[in-house]
Amino acid sequence: MDAFTSRVYFLRHGEIATPGILSGQIDVGLSEQGLEQMRQASAELIHLNAIYSSPLKRCSVHADYLANQHSLHVQYYNALKEFNFGDWDGQDYQQLWQQTSKPHIGDFWQHPWQVKVPNGESMADFYARVEAWWQTFLQSLCESKHEQSLVISHAGVIKQILAIVCQMPKQSATHLNVFHLPYAGLITLDVYIDEQGQAWPKIVF
């Protein structure tokens, strides 16, 4: 096969309509400002060949909006959903920090690979589903040869993909602290596919 480069944009959803809560897989919508943030962030993405999205409406509403503009069909993946925070999902973030029950949210943020969220997802399971989606996505790029793709997802998912691209140690939590991705933050990757079909992603600044 001939070598080529595919550009992939990762867009975090905008401001949610219920700020101040821990929003994992709870299906909250965007505020008006959040919708505007996403429109501004994606305004210059005018040659998209494919759109992939989390099915949660804080991502899907804008994905559908862009799909209509570009005459595309959104490809939704549950693997692109945010981390499942279980019993903590949807709770007021400050109140969670004031709770004294164990495990505490502070314990989780300090040791996410060791501390299990009550009735939530383990970090090992989260990593596994995101990595599996990423590897499948890279393979699909080899087959489709899309020039420009957009992935609309959540901070946790995008940070995890960045950690994989940067080859950070698997059980490290460094990416949670060193990557700051604001609402409607846009990350650009160029994925070089060589003659053997091997993908070589790099972050573009």
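Of all the listed residues (72, 22, 30, 48), the sole one being surrounded by 15 or more Cβ atoms within 10 Å (Cβ to Cβ) and in contact with a Phe, Trp or Tyr (Cβ under 6 Å, 6 or more places away or on another chain) is 22. Scan region 78-85 and give yes if some residue there is open to solvent by 50 Å² or more (accessible area, probe 1.4 Å) and of a type in the set (S, T, N, Q), otherwise no. There is at least one residue in region 78-85 that is open to solvent by 50 Å² or more (accessible area, probe 1.4 Å) and of a type in the set (S, T, N, Q). Taking into account only those residues within region 108-124 that are assigned to a loop (DSSP other than H, G, I, E, B) and of a type in the set (A, V, I, L, M, F, W, C), which is least open to solvent (accessible area, probe 1.4 Å)? So, considering only residues that are assigned to a loop (DSSP other than H, G, I, E, B) and of a type in the set (A, V, I, L, M, F, W, C), the one least open to solvent (accessible area, probe 1.4 Å) is 117. Where helices (runs of 4 or more DSSP H) sit wholly within region 30-103, those with at least 3 residues that are closer than 13 Å to residue 153 by Cα occupy 57-70. When restricted to residues that are touching a residue at least 40 places away in the same chain (Cβ under 8 Å) and either closer than 20 Å to residue 174 by Cβ or surrounded by 15 or more Cβ atoms within 10 Å (Cβ to Cβ) (or both), region 125-142 contains 9. Considering (1) surrounded by 12 or more Cβ atoms within 10 Å (Cβ to Cβ); (2) without any contact (Cβ under 8 Å) to a residue 60 or more places away in the chain; (3) among the aliphatic types (A, V, I, L, M), the lone condition that residue 187 does not fulfil carries the number (2).
Among the residues of region 143-163, the one identified as of a type outside the set (Ser, Thr, Tyr), part of a helix (DSSP H, G or I) and surrounded by fewer than 17 Cβ atoms within 10 Å (Cβ to Cβ) is 143. Only one of the numbered conditions (1) buried (at least 20 other Cβ atoms within 10 Å of the Cβ); (2) not in a loop (DSSP other than H, G, I, E, B) is not met by residue 7, and that is (1). Of all the residues in region 51-69, those that are buried (at least 19 other Cβ atoms within 10 Å of the Cβ) and among the acidic types (Asp, Glu) number 0.
The values are calculated or read from the model by the stated rules, or taken from the named source; none is laboratory data. Since the structure is predicted, the reported quantities are computational estimates derived from the model, not experimental observations. Cβ atoms come from the backbone with ideal geometry, glycine included; neighbour counts cover every protein chain shown. All accessible areas refer to the heavy atoms of the entire protein, side chains included, with ligands and DNA or RNA removed. Shrake-Rupley method; radii C 1.70, N 1.55, O 1.52, S 1.80 Å.
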